[in-house]
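Rule-based calculations on the coordinates, nothing more; no lab input. From a predicted model like this one, the values you see are computed outputs, not experimental measurements. Cβ placement follows ideal geometry from the backbone for every residue including glycine, while neighbour counts extend to all protein chains displayed.
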Amino acid sequence: MTRILLSDKLDNCVERWRSAGMTVIGPVQGESISRYAVVENGAGFDFGMILPDRSVKELFFPQTEPMLRYTIKKSEIDTADFPPPQEKRIIFGARACDASGLAIDDSLFGWDYKDDFWFHRRNESVIVTIACTKADDFCMCTSLDLAPDSTKGCDVLLRPLENNRGWQVEEITDRGREAFAVIADLLQESSDQAAPTAVVTEKFNLDACVTWLQNPENFDSKFWKEISMRCIGCASCTYLCPTCHCFDIQDEGDTYSGIRRKNWDSCSFALFTMHTSGHNPRSTQSARWRQRIMHKFNYFPGKFSVNSCSGCGRCSRQCPVDMGITETLQEISKLQS
């Protein structure tokens with residue numbers, strides 16, 4: 001027997017969690033894009049999509065965020081920090097690739113400097129993932145040693161039932177157990193079987209790709225220019241990626257006062273590496289695309305022992321010129337055959 005949550009109890013769950021002081025967030029379909037957003041009842045969720053257009057990353061690492069306020073006086077400068085947000089949240093219905101992305105970036109944000117904004121949100125959020133029962137040609141989690149029902153980065157895993165009337169409940173962490181204790185009487189024991197997880201075929205040989213990327217002789221390979229010819233440097237791939245984390249810090253204000261703000265940036269932009277002297281060490285789009293691939297599968301794992309990619313496929317799915325990480329690694333795999 002397994003504990004299950006029936007879908008017709010979802011309204012009650014949302015009400016309980018909100019009464020317990022938690023903001024409830026889930027996949028929502030908007031007029032033009034889908035994303036993770038606040039819901040007020042069970043009808044607000046959209047579980048039919050393969051995954052939202054926007055990743056869960058922006059709930060933990062917003063596109064723009066104030067860091068401190070400053071005032072310049074005659075003989076001193078007054079500053080006041082913006083504190084991390086004080087909000088408990090339950091993110092219900094995330095996909096495994098998005099939750100995995102959070103776990104991947106934990107290493108980066110806790111490296112030589114611990115980002116309080118990131119970790120405060122992580123510690124005050126409960127991630128409830130739903131195992132995928134369908135996938136499309138862009139999904140590639142299995143190519144990254146993950147799976148449609150991976151528990152990496154999540155607190156509770158839900159497995160959809162074959163009869164579509166709810167989910168099997170697997171509590172992974174103490175944080176998840178505490179959140180589901182609030183709705184314990186809404187769960188029931190059942191022998192209902194879980195639906196099979198989606199079949200996601202491997203798209204490339206990751207080990208072969210990593211071997212090729214680690215070979216210094218391939219850094220200046222003509223492959224990079226050929227594979228990046230279509231790239232227009234729009235950065236949609238980096239902004240939609242659940243693990244990309246580049247940002248810029250800017251002071252916005254006038255001569256006397258302002259706000260220091262953290263804003264998303266992208267290695268796909270020509271100005272990203274532009275020096276004050278005018279020299280740009282990555283002046284071509286091919287060099288910038290090489291950096292993106294090298295970072296995710298060579299530099300990042302070399303430092304943190306994990307690839308900076310969770311296999312969601314958004315970079316290829318949303319690319320306006322129909323290219324992405326999948327295609328690049330498939331071509332690298334061919335070079336090794």
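Values computed for the structure shown
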| quantity | calculated |
| --- | --- |
| Spatial extent of the range 261-312: Rg and Dmax, with the Cα atoms as the point set, Å | 12.9, 38 |
| Too-long pairs where the Cα-Cα distance tops 30 Å, listed order kept, from K114/K134; K134/K334; K262/K296 | K114/K134 |
| Mean-position separation - Cα centroids, the range 32-63 and the range 76-106, in angstrom | 15 |
| For the range 2-190: rounded, prolate or oblate by the Cα gyration tensor [a/c cutoff 1.5] | prolate |
| Placed amide H near S34: partners under 5 Å, 5+ positions off or other chain | D53, R54 |
| Which of L5, L144 has the fewest Cβ neighbours within 10 Å, and the rest in rising order | L5, L144 |
| Among Q285, Q318, Q250: highest mean-square fluctuation, GNM of the chain, C-alpha pairs under 10 Å | Q250 |
| Relative contact order for the range 2-190, counting Cα pairs under 8 Å that sit 6 or more residues apart, in percent | 26 |
| Overall Cα dimensions of the range 206-336 - principal axes, largest extent first, Å | 58, 32, 32 |
| Bridge type composition, the chain - antiparallel percent by DSSP, nearest 5 | 75 |
| Spatially proximal aspartates and glutamates relative to K57 (Cα-Cα < 12 Å; intrachain offsets below 8 disregarded) | D98, D105, D106 |
| Loop chymotrypsin sites (Phe, Trp or Tyr not before Pro), the range 77-166, which have at most 11 other Cβ atoms in a 10 Å radius of their Cβ (DSSP) | W111, Y113 |
| Residue among C244, C141, C209 with the largest mean-square fluctuation in a Gaussian network model of the chain, springs linking Cα atoms under 10 Å | C209 |
| Potential extension, E124-D254 segment - 0.36 nm per residue separation minus Cα distance | 43.3 nm |
| Exposure rule at most 15 other beta-carbon atoms within 10 Å, DSSP loop trypsin sites (Lys or Arg not before Pro): the chain longest free segment | 231-337 |
| Debye, to nearest 20: dipole size of the range 264-337, +1 on Lys, Arg Cβ, -1 on Asp, Glu Cβ | 120 |
| Rg/Rh for the chain, where both radii come from Cα atoms and Rh is the Kirkwood radius | 1.00 |
| J(HN,Hα) series, the range 137-145, from Karplus relation 6.51 cos²θ - 1.76 cosθ + 1.60, nearest Hz, glycine and proline x | 5, 8, 5, 8, 4, 5, 6, 10, 6 |
| Built amide H within the under 5 Å cut-off of F82, gap 5+ | L68, R69 |
| 5 angstrom amide H check on S125, placed H, neighbours 5+ away | R89 |
| The range 1-86: GluC sites (Glu not before Pro) falling in loop per DSSP and having at most 12 other Cβ within 10 Å | E31, E40, E76 |
| Disulfide-incompatible cysteines by the Cβ rule (no partner under 4.7 Å) in the chain | C13, C132, C139, C141, C154, C209, C231, C234, C246, C267, C309, C319 |
| Cα centre as origin, Lys/Arg/Asp/Glu Cβ charges: the chain dipole, Debye | 660 |
| Residues M140, M323, M49 arranged by fewest to most Cβ contacts within 10 Å | M49, M323, M140 |
